[in-house]
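Each value in this text was obtained by applying a stated rule to the coordinates, not by laboratory testing. Being a predicted model, the structure only gives us computed values, none of them experimental. Here the Cβ positions follow ideal geometry from the backbone for every residue, glycine too, while neighbour counts run over all protein chains shown.
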Amino acid sequence: MKYYVVSDTHGFCSILKQTLTEKGFFTDTEPHKLIICGDLFDRGEEARELQDFILELMRKDEVILIRGNHEDLMLKMLEDMEYGKPVLYSYHRSNGTVDTAKQLIRKDTRWFDSIPDPVIKQMKNTPYLTRIIPSMIDYFETKNYIFVHGWIPCRTVRVFSDYQQYIPMEAWRNASPEAWNEARWTNGMEAAHAGIIEEGKTIVCGHWHSSFGHAVYEGKSAPFGPDADVSPYFADGIIAIDACTAYSGTINCLVIEDEE
């Protein structure tokens, strides 16, 4: 099976489609699927277009959706709204979650704190909440690859304020929902270099901008700036592909052939 693999599309539907066009996804006549390693929305202005595109791929059985931390953030925002917590001036706004909801239900932001009930009801009836998020999985595995959002579950211990120790977790595939929630926030490049890898497999992840790996472990350039390298980061046991699309204007796409 051929897999086209992207991550952190963050509401940039046009860039995603252009990238897939350049890679030959739409003209591929052999069996193939798109793997999206989480974070569909919360940066760009094309949430409705991307939602429709994902639904089309789901109808064709051409997509595998990995859950990201921004999917968790959407559910947390709705939960906070139900409990009467203000969201307009919180991290829900800074992370783009409020803006995604605004695009999907076409409600002005003044509704979110002043009249939250219609927002909650309409969001819970969107395809994003009723079909897309429920179809997401924590990881997808082929013979030689594991696809996740942040990383596979592991235990972390804060040793110093700027240093975190990563400890392997046995039977991580059967980890608790709480462990997977935490794993979606993990910097996979740090974890891989700390030895959290899967023997005989390559883990493909998103979540953390790939320029981090190029800057920190290869010394190429700063993680951000005119010389930042946002191409996929390759190291032992890992390929990190988040191109930080809101910043770079690009989406990385791997084309992998492997046994299901």
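Details
- Amide H contacts of ILE137 (H built 1.01 Å from N, in plane; Pro and chain starts excluded): LEU65, ILE66, ARG67 sit under 5 Å, all sequence-distant by 5 or more or on other chains.
- Over the residues of the chain, the helix contribution to mean residue ellipticity at 222 nm works out to -9500 deg cm²/dmol, using -39500 (n - 2.57) for each DSSP H run of at least 4.
- The trypsin sites (Lys or Arg not before Pro) of the stretch 96-126 meeting both criteria, a DSSP state outside H, G, I, E and B (loop) and at most 10 other C-beta atoms within 10 angstrom of the site's C-beta, are ARG106.
- Net +/- balance of residues flanking ASP236 in space, Cβ distance below 15 Å, scoring K and R +1, D and E -1: -3
- Fraction of alpha-carbon pairs over 15 Å apart in the stretch 28-132 - percent: 63 percent
- Distances between placed amide hydrogens fall under 5 Å for THR202 paired with TYR145, ILE146, all partners being 5 or more residues away or on another chain.
- Taking Cβ atoms as reference points and 14 Å as the exclusive limit, the residues near ILE105 contribute a net charge of +4, counting Lys and Arg as +1 and Asp and Glu as -1.
- Rounded to the nearest Hz, the phi-derived 3J(HN,Hα) couplings of the stretch 51-61 under the Karplus curve 6.51 cos²θ - 1.76 cosθ + 1.60 (θ = phi - 60°) are 4, 5, 5, 5, 4, 4, 5, 5, 4, 8, 6, where x marks glycine and proline.
- For the stretch 221-260, chymotrypsin sites (Phe, Trp or Tyr not before Pro) meeting the loop criterion (DSSP other than H, G, I, E, B) and having at most 15 other Cβ atoms within 10 Å: PHE224.
- Net lengthening on full extension, LEU55/ASN144 (0.36 nm per residue, minus Cα-Cα): 29.2 nm
- Using a simple spin-label model with pseudo-atoms 7 Å out from Cα toward Cβ, ASN125 and TYR247 lie 4.0 nm apart.
- Solvent-free Debye scattering, log10 I(q)/I(0), computed from the Cα coordinates of the chain at q = 0.08, 0.10, 0.13 Å⁻¹: -0.32, -0.50, -0.85
- Cα Rg over Rh - the stretch 69-131, Kirkwood: 0.90
- Other residues whose C-beta falls under 13 angstrom from the C-beta of ILE251 contribute a net charge of -2, scoring Lys and Arg +1 and Asp and Glu -1.
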